[in-house]
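To keep things clear, I will list the structure first and then write my remarks on it.
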Amino acid sequence: MLEFTQHIINGLSLGSIYALIALGYTMVFGILQLINFAHGDVFMLGAFIGMYSSRYFALDRNPSLGSLFIALGCAMIGCAAIGFCIEKLAYRPLRKSPRINILITAVGVSLFLEFSGQLLFGADPKFFPEIYKPSVNWSIGELVINPLQMIVLATALILMMVLQFIIFKTRLGRAMRAVSFSHEYASLMGIATDKIISSTFMLGSALAGAAGVLVGLVYPKVEPLMGVMPGLKAFVSAVLGGIGNVTGAAVGAITLGLAEEFLVGYWASTYRDALAFGILILILIFKPTGIFGVERIEKV
Amino acid sequence: MNDVTVFGIKACWKWVVVIAIFWTFHLLVSDRLNPYIFDIIIYAGINIILAVSLNLVNGFTGQFSMGHAGFMSIGGYLSAYLTMLVFNLFPGIDTQSIYGTLFFLSALFCGGLGAAVSGYLVGLPSLRLKGDYLAIITLGFGEIIRVIILNIETIGGARGLPGIPALSHFGWVYTFVVLSIFTVWRLMQSPHGRAFLSVREDEVAAEAMGVNTTKTKVRAFALGAFFAGIAGGLFAHYLLYLNPQGFDFNKSFEIIIMVVLGGMGSISGSVIAAVFLTAIREALRELQQFTQIDFRMVIYSLMLIILMLTRPNGLFGTKEIFHFIPLRRRSLHDVKA
């Protein structure tokens, strides 16, 4: 039972990280019907920005929640800028071209970020500085809870609530929903669609950047190819929850995190990376719209 | 056009001559050539098979597959395992004898068949999906195949599979290059090939014309996987060592870049891009030794982005290289057809 609870906690914290990345996928897909392959690599850049900014501000000298927030803020702003540039330079010129071209571009951007990351930062893993050091381990009975994981879970939840607020309670959010409904009608209503798409990319990328810092906090190893697998898994979670659906992405990500944790804990750790793809295949065969997705009628 | 029959002598003699030229080259020149350059020529041949077979799926049928390396690894591992098994059971057989060659060819064929069967199994459920989903799911299958190979201890697991008998050489590699180009070329002239094209151009219209789109896509997928498996087998028996790490998605991307650069739907484009990228890779390797930095993937990815922004159809688009050379006879043919 103790082990079981431990696995649940691990799975929740892993799942919340996937959720932060999956939200970016699902938002961009909702608004552009585009799978932004480069999103996992924005997450990687977030981790690197977090690392270099905490080195620059010497945040590991007095580890506290404040330092964590500074690193988070830097990574989120940096990643938002990167997301803006990616959209502006790579995706916007192709807005009217066939889907397959945009897809190939997305793959190209992803590879470019990965390997220019290798050029810039070096291919070897770097150590993420300890910017938050919990003073005590929390424990309930025999159950030991790593406070870092709780911090990750709480931060992720807060960010998701902020996102929910932005989408459903602000003018920007309303415009985003309108654009995702129809670009043409939204622009007829006086919405600057390009600006809204840009800000969607920036929001999603900022969340991915936050996820990068949180991963650096829990698993302090940062490398240029670290974004590939989490990126793909976050995409799987987005599909699992119904791509285009914000709540669905979070639920799908938590489900995937838990499933992965239990697979590793109780069965075969080497099949870890195959699990997500297995889930993806099953979902796409049996319920392609995902858990919360709505059936869309394809128009000819 | 009375020379359309696939197995008619008229249709085949040019291709047979090309194979014969390659074999003459193999028998006369291959031992005297610089082994490093010779290696590059062999890998270029293997890449041509991979690119042409992926073009069948990505280019002609318009289904974006990102798991080609997975099928290559299935073919490679299967054929390597079979030849190792046979030559360990019968140590008396000379690998260069006619029996050795026959075993090698049947192992290659089995490898290709294994890849085709797995391509069929992968394709059947996933080809009902479109565009981006298909891309991700094929990527996922490629990764699953790799993870499964990593976990099978009899074929070496993560350590890789050493000690594969040296059976493939220039002659065989280029025989299969010609065979794969021949197959895809003739196929695209046939009604089946036209069905592939119709699926790419407009799936709904194709369906309305009575083309079973799912079946057509799965056929293209299985045939593409077959040749990827053959390429894997040739690769395994040339390198003599297989490692699952060599078949990760970077390998799939490499093949995709060849197809996209050459033009999706152009066989000669794929051939030229495969040769060009194999050569440039070696050139960059020297640069890498000089600067200690791996520029290759950065350049590949930049090429992909710039290509999509400026010339999305690749070098040749859907045309072949001889469409750019004004040949009177061929244009007459086109008018008649």
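The values are calculated or read from the model by the stated rules, or taken from the named source; none is laboratory data. Owing to the predicted nature of the structure, the values given are computational and were not obtained by experimental measurement. Glycine also receives a Cβ, built like all others from the backbone with ideal geometry; neighbour counts cover every protein chain displayed.
Here region B:25-82 is the region considered, the condition is being among the hydroxyl-bearing types (Ser, Thr, Tyr) and within 24 Å of residue B:211 (Cβ to Cβ), and the residue that is farthest from the other protein chains (Cβ to nearest Cβ) is B:53. Residues in region A:257-297 that are within 13 Å of chain B (Cβ to nearest Cβ) and part of a helix (DSSP H, G or I): 19 in all.
Here residue B:249 does not qualify as touching a helix residue (DSSP H, G or I) at 6+ places or on another chain (Cβ under 7 Å), crowded, with 18+ Cβ neighbours inside 10 Å and away from every other protein chain (no Cβ under 13 Å). State the number of residues belonging to region B:193-221 that are under 22 Å from residue B:49 (Cβ atoms), of a type outside the set (Val, Ile, Thr) and out of contact with any Ser or Thr (no Cβ under 9 Å at 6 or more places or on another chain). Going through region B:193-221 one residue at a time, the tally reaches 1.
Could you please let me know if residue A:139 is without any contact (Cβ under 8 Å) to a residue 60 or more places away in the chain and surrounded by 13 or more Cβ atoms within 10 Å (Cβ to Cβ)? Even if it seems obvious, please write down each step before you answer.
On the way: without any contact (Cβ under 8 Å) to a residue 60 or more places away in the chain: yes; surrounded by 13 or more Cβ atoms within 10 Å (Cβ to Cβ): no.
No.
Looking at A:10, A:62, A:101, A:36, which one is under 15 Å from residue A:235 (Cβ atoms) and modelled with pLDDT under 90?
Values: A:10 fails: under 15 Å from residue A:235 (Cβ atoms); A:62 fails: under 15 Å from residue A:235 (Cβ atoms); A:101 fails: under 15 Å from residue A:235 (Cβ atoms).
That would be A:36, the only listed residue that is under 15 Å from residue A:235 (Cβ atoms) and modelled with pLDDT under 90.
Between residues in region B:22-42 that are touching a residue at least 40 places away in the same chain (Cβ under 8 Å) and residues that are charged (D, E, K, R) and part of a helix (DSSP H, G or I), which pairs lie under 6 Å by C-beta distance while being six or more apart or on different chains? Here the result reads B:40/B:282, each pair linking region B:22-42 to a residue that is charged (D, E, K, R) and part of a helix (DSSP H, G or I).
Can residue B:117 be described as more than 11 Å from every other protein chain (Cβ to nearest Cβ) and among the β-branched types (Val, Ile, Thr)? Working first, answer last.
Details: more than 11 Å from every other protein chain (Cβ to nearest Cβ): yes; among the β-branched types (Val, Ile, Thr): yes.
Against the criterion (more than 11 Å from every other protein chain (Cβ to nearest Cβ) and among the β-branched types (Val, Ile, Thr)), residue B:117 qualifies.
Scanning region A:213-240 for residues that are more than 12 Å from the chain's Cα centre (by Cα) and hydrophobic (A, V, I, L, M, F, W, C) yields A:217, A:218, A:222, A:225, A:226, A:239, A:240. Out of everything in region A:57-94 that is within 23 Å of residue A:184 (Cβ to Cβ) and without any contact (Cβ under 8 Å) to a residue 12 or more places away in the chain, what residue ends up being surrounded by the most Cβ atoms within 10 Å (Cβ to Cβ)? Per the criteria, the residue is A:94.
Results for (1) in a helix (DSSP H, G or I); (2) on the phi > 0 side of the Ramachandran plot; (3) surrounded by 23 or more Cβ atoms within 10 Å (Cβ to Cβ); (4) among the β-branched types (Val, Ile, Thr), shown as yes or no for each residue.
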| site | (1), (2), (3), (4) |
| --- | --- |
| B:57 | yes, no, yes, yes |
| B:65 | no, no, yes, no |
| B:72 | yes, no, yes, no |
| B:86 | yes, no, no, yes |
| B:91 | no, no, no, no |
| B:96 | no, no, no, no |
| B:99 | yes, no, no, no |
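How many of the residues making up region A:51-72 are among the charged types (D, E, K, R) and over 15 Å from residue A:216 (Cβ atoms)?
Of all residues in region A:51-72, those among the charged types (D, E, K, R) come to A:55, A:60-61.
Of the ones still in play, those that are also over 15 Å from residue A:216 (Cβ atoms) are A:61.
Within region A:51-72, residues that are among the charged types (D, E, K, R) and over 15 Å from residue A:216 (Cβ atoms) number 1.
Only a single item in (1) within 14 Å of chain A (Cβ to nearest Cβ); (2) among the acidic types (Asp, Glu); (3) in a helix (DSSP H, G or I) is not met by residue B:282, and it is number (1).
In region B:8-20, the residues that are modelled with pLDDT under 75 reach residues that are part of a helix (DSSP H, G or I) with C-beta atoms within less than 8 angstrom, at least six apart or across chains, in these pairs: B:11/B:186. Residues in region A:263-272 include at least one that is in contact (Cβ under 8 Å) with a residue 12 or more places away in the chain, in contact with a Gly (Cβ under 9 Å, 6 or more places away or on another chain) and at negative phi.
Being more than 14 Å from chain B (Cβ to nearest Cβ), among the small types (Gly, Ala, Ser) and not in a loop (DSSP other than H, G, I, E, B) is the filter here; which residues of region A:58-102 pass it? Spell out the reasoning first.
Filtering region A:58-102 down to residues more than 14 Å from chain B (Cβ to nearest Cβ) leaves A:58-84.
Applying the additional criterion that residues be among the small types (Gly, Ala, Ser) yields A:58, A:64, A:66-67, A:71, A:73, A:75, A:78, A:80-81, A:83.
Passing the criteria: A:66, A:67, A:71, A:73, A:75, A:78, A:80, A:81, A:83.
Taking region A:10-30 as the range and being of a type in the set (A, V, I, L, M), more than 9 Å from the chain's Cα centre (by Cα) and buried (at least 23 other Cβ atoms within 10 Å of the Cβ) as the test, the residues that pass are A:14, A:27, A:28. Please verify whether region B:270-278 includes one or more residues that are closer than 19 Å to residue B:58 by Cβ, among the aromatic types (Phe, Trp, Tyr) and either assigned to a loop (DSSP other than H, G, I, E, B) or at the interface with chain A (Cβ under 9 Å from one of its Cβ atoms) (or both). The answer is no; no qualifying residue exists. Among the listed residues B:253, B:276, identify the single one that is of a type in the set (Phe, Trp, Tyr) and farther than 12 Å from residue B:51 by Cβ. When all the criteria are applied, what remains is B:253. Of all the listed residues (A:243, A:254), the sole one being away from chain B (no Cβ under 11 Å), under 21 Å from the mean Cα position of the chain (by Cα), on the phi < 0 side of the Ramachandran plot and β-branched (Val, Ile, Thr) is A:254.
Within region B:282-296, track down each residue that is in contact with a Phe, Trp or Tyr (Cβ under 9 Å, 6 or more places away or on another chain) and modelled with pLDDT of 80 or more.
The first filter runs over region B:282-296 and keeps only residues in contact with a Phe, Trp or Tyr (Cβ under 9 Å, 6 or more places away or on another chain), leaving B:282, B:284, B:287-288, B:294-296.
Those that are in contact with a Phe, Trp or Tyr (Cβ under 9 Å, 6 or more places away or on another chain) and modelled with pLDDT of 80 or more: B:282, B:284.
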